[in-house]
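Here is the structure we will look at, set down as structure tokens.
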Amino acid sequence: MKEKKEKINRIELNLELYKKIYLIRKTEEKIQEHYNEDEMKTPMHMSMGEEAIAVGVCHFLKAEDQIFGTYRSHAIYLAKTGDTDNFFAEMYGKDTSLQKGKSGSMHLCAPELGFMGSSAIVGSIIPVAVGVAYVNKLKGNNKTVAVFFGDGATDEGVFWESLNVACLMKLPILFVCEDNGLAVHTPISKRHGYTSITDVVSKFNCNVLEENTTDAEVIYELTRKSIKLIKTTQMPCFMELKYYRYLEHVGINEDFNAGYRSKDEFEEWYKKDPVNIERKKLLELGCNEAEIQKIEEELKVQIGRSIKLAQDASFSDRSELYKEIYS
């Protein structure tokens, strides 16, 4: 009886993980399909390949927990909010977006849904997240902050300053390093005078976890462990999670002819594609093909409806440019 219940719970968990992973992948595929129409006036930093990290972490967090992200924010935004209406309204720069078309892809935010914001400047969101974690500690509200950043951000001094303060003040924050081994086009071997980021971070008063997986369920369980450590040790946690960026640094295309990485490398990583892994797992757990296809079709309808709403919406009035500014 216990084993049966555990299996049911695991199926339910993986169904929810798959819904989020599939939503993210199909949303970005639709961006690829429509981007050359030149109606989305924003640079795109796509998330294909990293979906398992965003979904695994965000699915474990509570609704009231807060996340911050970089300019490569699509996956974490959708994993946290599930909201494609606002997402596409902002991609198209329309008045129906929460940001009224002023943020574009790189500065998404939805504070009421726990997505506090993202920033185009490498590393700049990390101290902001630390500040919010400090507020949460002062208030004693039991909220956890998770801040997502690429391995390139660990080359910035502000990362180390923020990590130091978070450890010194024992703040409830989860640092999520989405490590694809590249800062734009530059590999770690040409940037780091050390071998392992986790070895260095472990010298701080900080819990450190790392995983080389594209399985959202594994990352979900790792996040469970990290949040427990934050609460029991009263110390921050740093997670290093590996992934492979499928597309160019900025844009909707592949870039395997650019000279800094090979198509063979991509093909090896694609054998561990997070969408395919999760779908295959559902079938192995006993879900039938028709059930999975029904989920997929419902999500495609949701995405299509959101795109249509965004395309039909109006642009903001020029007066919107003068709102919410400080000088």
Close pairs from segment 219-234: first on the phi > 0 side of the Ramachandran plot, partner not acidic (Asp, Glu), Cβ under 8 Å, at least 6 apart | Gln234/Lys170
Can you pull out the residues in segment 38-92 that are outside any loop (DSSP other than H, G, I, E, B), aliphatic (A, V, I, L, M), under 20 Å from Gly304 (Cβ atoms) and in contact (Cβ under 8 Å) with a residue 60 or more places away in the chain?
-> Ala89, Met91
Of those in segment 218-253 that are touching a helix residue (DSSP H, G or I) at 6+ places or on another chain (Cβ under 6 Å) and part of a helix (DSSP H, G or I), the residue surrounded by the most Cβ atoms within 10 Å (Cβ to Cβ) is Ile219
Among the listed residues Ala290, Ala313, which satisfies the condition of being more than 23 Å from the chain's Cα centre (by Cα), modelled with pLDDT of 95 or more, closer than 30 Å to Ser103 by Cβ and hydrophobic (A, V, I, L, M, F, W, C)?
-> Ala313
For Gln99, the lone unmet condition from (1) closer than 30 Å to Tyr322 by Cβ; (2) free of Cβ contacts under 8 Å to residues at least 24 places away in the same chain; (3) out of contact with any helix residue (DSSP H, G or I) (no Cβ under 7 Å at 6 or more places or on another chain); (4) crowded, with 16+ Cβ neighbours inside 10 Å is (3)
By residue number, the members of segment 270-327 that are in contact with a strand residue (DSSP E or B) (Cβ under 8 Å, 6 or more places away or on another chain) and free of Cβ contacts under 8 Å to residues at least 40 places away in the same chain are none
Report the residue count in segment 67-86 for those that are surrounded by fewer than 24 Cβ atoms within 10 Å (Cβ to Cβ) and either of a type in the set (Gly, Ala, Ser) or out of contact with any helix residue (DSSP H, G or I) (no Cβ under 6 Å at 6 or more places or on another chain) (or both).
-> 3
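The values are calculated or read from the model by the stated rules, or taken from the named source; none is laboratory data. Remember, it's a predicted structure, so these values are computed and weren't measured experimentally. Quick reminder, even Gly has a Cβ in these numbers, built from the backbone with ideal geometry, and neighbours come from all protein chains shown.
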